[in-house]
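Input: a single structure, listed below in structure tokens.
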Amino acid sequence: MKSKTLRVVLGDQLNEKHSWWKDDPSTYIVLMVESLSETNYVWHHIQKVVAFFLAMRHFAEKLEKKGIEVIYLKLNDDRNKQNFSDNIREILKVSSFDKWAYLLPDEYRLDKELKELSAELDLPFEVADTEHFLSERGDLSKHFKGKKTFMMESFYRMMRKKYDILMDGDEPVRGHWNFDKENRKSLPKDVKIPAPKVFSRKVQEIVDMLEKKQVKTIGRIDPDCFIWPVTREENLQMLDFFANELLDNFGNYQDAMKKGEWSLYHARISFGMNVKLIGPLEVIQKVEERWRINSKNVPLAAVEGFIRQILGWREYMRGVYWAKMPDYAELNFFGHSRKLPSWFWTGETKMQCLSQAINQSLDYAYAHHIQRLMITGNFALLAGIDPDEVDAWYLGIYIDAIEWVEITNTRGMSQYADGGLVGTKPYVSSANYIDKMSDYCSGCHYDKKKKVGDKACPFNSLYWNFYDRHRDKLEDNPRIGFVYPTLNKMKGDDRAELIEQAGKYLGDLDGL
Ligand code: FAD
Ligand code: SF4
């Protein structure tokens, strides 16, 4: 009799191209589990849970079509023990396997759980790579060995050379590594933005199942029209749509925001990539190829800007995660401790920028990068919210949120809770920046120009208050520039009025 292996596949390991699937299917059985331990460790957006379960079910069907046997435990399956370890223990107890195997988890929590299980079980096991990322877990630590700060740009250039992306021999194409100066414009008034590409699926059955199992979720869903791509083919269609319809304007309007426009020129492929339905290299190559065959018309600044997000930021954040976990999850450089205001879960705030960013997050489980960084994240940092609260919100609400990429972006880039490992300065702004990059301020209850008094925009006083209260930690940061000289020049009364105004707002965040 042939020996049999139990191969465990987690919900974010849906890589159809993995070498495992080339092995003789009679030598292994796959185990996939929808479990309460995953739906309940944080309050997830309902669309996020539905997207994961749909993607997993389609993936399992694909494997079965290839002749691979899959034990798939739905959330409401009576056999389901509702966490990975208990399910694996049970299957190994009732069926006869000579070995079990799993793919390297991307989350520290699951990595630890499966390591502990391997040590406990009296059965040979194997751990395989997910064959998805372009760097190994430890590559970033090696690259920055002995350094206090990890400069993303240095890592990115190393990766460009390693994978020969946008290179001309040993040099970057057209002589520059970075074209950011040409990017990041605000949107012209008359611009025609292509309608977002969406799909349509009926998902009532999963919604009912979640309700029956009393899974507490956040956000909204239309069970008759689920819009997210959940198969490899659909994600490849999203990528084509991006490359053909959106890429040319991606760089220009990467940081722009507009009322009612929820995805602008962004690709919306983060879910597909994070669950590994599509791989980073095929995404990068597709975009580079579009530029190589049409370099006169496709702006290099857009292509380079997009590739930097994936080859640079995405791989870099994963490297930071594995270099710094588990301590990273405890970092709180500023010692912030406030609770998130209740309107983060309802969108019911008079601040138009926050209402737009939060309501679209509740509607679609999505906000683009600058909304996450410079609207919700900016507010949370200025208001001194506990990074644990901020992390839990981001980890729950976004369809693409998996801890390795969520925590490094939220706690690191957005909340500066790591004291400057990921970002060289805190990403905060007053109303000025928000007004420059969006049309949110027009028609807002608050007045973008006012710093104090009735209807003064909260971002203005909170901004100065933030720098004032963290002077000891930030004054020597050379990247902060004009802030402290301006604060120092401010008349005593003006400063006091600003601090008082901020104090009023901080005393009643729920009322904003
Ligand atoms: P596009 O703007 O079209 O960019 C293309 C791709 O580049 C993305 O799909 C993503 O894979 C990658 N990318 C871009 N920026 C980053 C970044 N900073 N870090 C890593 N990859 C990046 N991304 C997640 O995938 N999951 C998260 O949980 C997540 N949480 C975030 C929290 C905060 C506070 C911030 C500021 C950013 C977060 N990001 C996260 C990064 C980024 O906002 C999303 O990757 C992006 O908005 C996804 O949408 P898109 O596919 O349309 O991206
Ligand atoms: Fe946001 Fe202030 Fe502008 Fe209103 S005025 S949209 S609160 S930045």
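Scanning segment 51-84 for residues that are farther than 12 Å from V9 by Cα and in contact with a Phe, Trp or Tyr (Cβ under 6 Å, 6 or more places away or on another chain) yields one hit, A51. What is the residue count in segment 426-483 for residues that are part of a loop (DSSP other than H, G, I, E, B), away from ligand 2 (no atom under 15 Å from the Cβ), in contact (Cβ under 8 Å) with a residue 12 or more places away in the chain and more than 24 Å from Q356 (Cβ to Cβ)? Total satisfying the criteria: 2. Entry remark, segment 372-405: residues being of a type outside the set (V, I, T), surrounded by 24 or more Cβ atoms within 10 Å (Cβ to Cβ) and within 12 Å of ligand 2 (Cβ to nearest atom) number 3 in total. Would it be correct to say that S26 is more than 23 Å from F199 (Cα to Cα), touching a Phe, Trp or Tyr at 6+ places or on another chain (Cβ under 9 Å) and in the same structural domain as K112 (by TED's automatic domain parsing)? Spelling it out, it is not the case that S26 is more than 23 Å from F199 (Cα to Cα), touching a Phe, Trp or Tyr at 6+ places or on another chain (Cβ under 9 Å) and in the same structural domain as K112 (by TED's automatic domain parsing). Checking the condition under 30 Å from D435 (Cβ atoms) and within 16 Å of ligand 2 (Cβ to nearest atom), which residue from E261, E245 passes? One residue alone meets the criteria, E261.
The residues of segment 406-421 that are in contact with a helix residue (DSSP H, G or I) (Cβ under 6 Å, 6 or more places away or on another chain), over 22 Å from F271 (Cβ atoms) and crowded, with 23+ Cβ neighbours inside 10 Å, listed by number, are Q415, A417. Counting just the residues of segment 25-58 that are of a type in the set (G, A, S) and more than 21 Å from the chain's Cα centre (by Cα), which one comes out farthest from R220 (Cα to Cα)? Across segment 25-58, the extreme among qualifying residues is S26. Taken over segment 59-69, the criterion of being surrounded by fewer than 17 Cβ atoms within 10 Å (Cβ to Cβ) and more than 28 Å from the chain's Cα centre (by Cα) is satisfied by E64, K65, K66, G67, E69.
Among the residues of segment 20-68, those identified as under 22 Å from V94 (Cβ atoms) and not hydrophobic (A, V, I, L, M, F, W, C) are P25, S26, T27, Y28, E34, S35, S37, E64. Summed over segment 348-359, the residues that are surrounded by 20 or more Cβ atoms within 10 Å (Cβ to Cβ), among the polar types (S, T, N, Q) and assigned to a helix (DSSP H, G or I) give a count of 3. Of all residues in segment 166-208, those being on the phi < 0 side of the Ramachandran plot and in a loop (DSSP other than H, G, I, E, B) number 25.
Taking segment 410-425 as the region of interest, how many residues are in a loop (DSSP other than H, G, I, E, B), within 12 Å of ligand 1 (Cβ to nearest atom) and closer than 22 Å to Y484 by Cα?
4
Condition check for E234 on (1) more than 21 Å from H58 (Cα to Cα); (2) more than 10 Å from ligand 1 (Cβ to nearest atom): one failure, at (1).
Answer yes if at least one residue in segment 32-45 is under 23 Å from E233 (Cα atoms) and either part of a strand (DSSP E or B) or in the same structural domain as R201 (by TED's automatic domain parsing) (or both), and no otherwise. Yes, segment 32-45 contains a residue that is under 23 Å from E233 (Cα atoms) and either part of a strand (DSSP E or B) or in the same structural domain as R201 (by TED's automatic domain parsing) (or both).
Can you spot a residue in segment 302-311 that is within 14 Å of ligand 1 (Cβ to nearest atom), charged (D, E, K, R) and more than 23 Å from Y394 (Cα to Cα)? Yes, there is a match, as at least one residue in segment 302-311 is within 14 Å of ligand 1 (Cβ to nearest atom), charged (D, E, K, R) and more than 23 Å from Y394 (Cα to Cα).
On inspection, V428 passes the criterion of being on the phi < 0 side of the Ramachandran plot and within 16 Å of ligand 1 (Cβ to nearest atom).
Search segment 145-165 for residues being in contact (Cβ under 8 Å) with a residue 12 or more places away in the chain and outside any helix (DSSP H, G or I), and hand back the single one that is surrounded by the most Cβ atoms within 10 Å (Cβ to Cβ). The residue in question is I165.
The values are calculated or read from the model by the stated rules, or taken from the named source; none is laboratory data. Note that the coordinates shown come from a computational prediction; the quantities given were computed from them, not determined experimentally. FYI the Cβ positions are ideal-geometry reconstructions off the backbone, even for glycines, and counts take in every protein chain you see.
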